[in-house]
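Heads up: the structure comes next, in structure tokens.
The values are calculated or read from the model by the stated rules, or taken from the named source; none is laboratory data. Computed from a prediction, not measured in an experiment: that's the story for all the values here. So basically every Cβ, Gly included, is an ideal-geometry build from the backbone, and we count neighbours across all protein chains shown.
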Amino acid sequence: MAHALPKEKVPLNIAVLTVSDTRTFENDTSGQYLVDALKEDGHHLADRALLKDDIYQIRAQVSAWIAEAEIQVVLITGGTGFTDRDSTPEAMKPLFDKEVEGFGEMFRQISWEEIGTSTIQSRALAGLANNTLIACLPGSTGACRTGWTKLLQPQLDARQGPCNFVGHLVR
């Protein structure tokens, strides 16, 4: 028997992390897009940070967030490419209790329509850690828009059927 979906939106507490060696809060269009989009969708910005692409700093920041019961989602933009400094997947995978394999697969499939074969160089990924969803997107604003509108926004809506992530995140 299917569970009844709520009729109203369930606002979530979401933290946003930008991983970049060159961006500042003043020119971080990708992180700002995610902040604006989550607020527009009725969610709450729990925290925001910008870090250099350092595997241990990234892991420490996200570890602190997933230890906080009130943070339900962490969105990360940047550090998912193939340069020597890109280390977001390596920083996050050890924290995952479960990887959401379909996230990266779907992101690349959807991105194919927008950027063609360049999507193969995306290492977008997501996982659950301590009942917190961690979603790692590329650093471009376009990629963040794609990830939010096509994957995250619907899956962070408790009314989305037949299933969504909200039930896994509410503690």
Inside the range 46-57, the number of residues satisfying the requirement of being over 13 Å from the mean Cα position of the chain (by Cα) and farther than 12 Å from D21 by Cβ is 5
Just wondering, is there one or more residues in the range 113-121 that are under 20 Å from Q153 (Cα atoms) and part of a helix (DSSP H, G or I)? yes
Go through the range 88-109 and report how many residues are under 17 Å from S30 (Cβ atoms) and either outside any helix (DSSP H, G or I) or β-branched (V, I, T) (or both). 1
Farther than 25 Å from P162 by Cβ and either among the hydrophobic types (A, V, I, L, M, F, W, C) or at pLDDT below 95 (or both): is that true of A91 in this structure? yes
Quickly run through the range 6-41 and pick out the residues that are part of a helix (DSSP H, G or I) and touching a helix residue (DSSP H, G or I) at 6+ places or on another chain (Cβ under 6 Å). T29, S30, Y33, L34, A37
Any residue that is in contact with a Pro (Cβ under 9 Å, 6 or more places away or on another chain) and under 25 Å from K150 (Cβ atoms) - is there at least one of those in the range 65-77? yes
Under 6 Å by Cβ, and 6 or more places apart or on different chains, what pairs join a residue from the range 53-80 that is within 21 Å of T141 (Cα to Cα) with one that is loosely packed, with under 15 Cβ neighbours inside 10 Å and not basic (K, R)? D53/D21
Enumeration of residues in the range 122-171 that are of a type in the set (G, A, S), assigned to a helix (DSSP H, G or I) and touching a helix residue (DSSP H, G or I) at 6+ places or on another chain (Cβ under 8 Å): G142, A143, G147
Of the residues in the range 126-158 that are of a type in the set (S, T, Y) and over 20 Å from A46 (Cβ atoms), the one that is surrounded by the most Cβ atoms within 10 Å (Cβ to Cβ) is T146
Residue check, E26 against (1) within 22 Å of F96 (Cβ to Cβ); (2) surrounded by fewer than 20 Cβ atoms within 10 Å (Cβ to Cβ), all met but one. Which one? (1)
Residues that are farther than 14 Å from N13 by Cβ and either over 16 Å from the mean Cα position of the chain (by Cα) or part of a strand (DSSP E or B) (or both), drawn from the range 65-78: I76, T77
Can you tell me which residue is modelled with the lowest pLDDT among those in the range 1-20 that are of a type outside the set (A, V, I, L, M) and surrounded by 14 or more Cβ atoms within 10 Å (Cβ to Cβ)? K9
With the condition kept exactly as written, say whether any residue in the range 42-52 is among the acidic types (D, E), touching a strand residue (DSSP E or B) at 6+ places or on another chain (Cβ under 6 Å) and either part of a loop (DSSP other than H, G, I, E, B) or crowded, with 21+ Cβ neighbours inside 10 Å (or both). no
Which one is surrounded by the fewest Cβ atoms within 10 Å (Cβ to Cβ), of the residues in the range 29-41 that are of a type outside the set (D, E) and touching a residue at least 24 places away in the same chain (Cβ under 8 Å)? T29
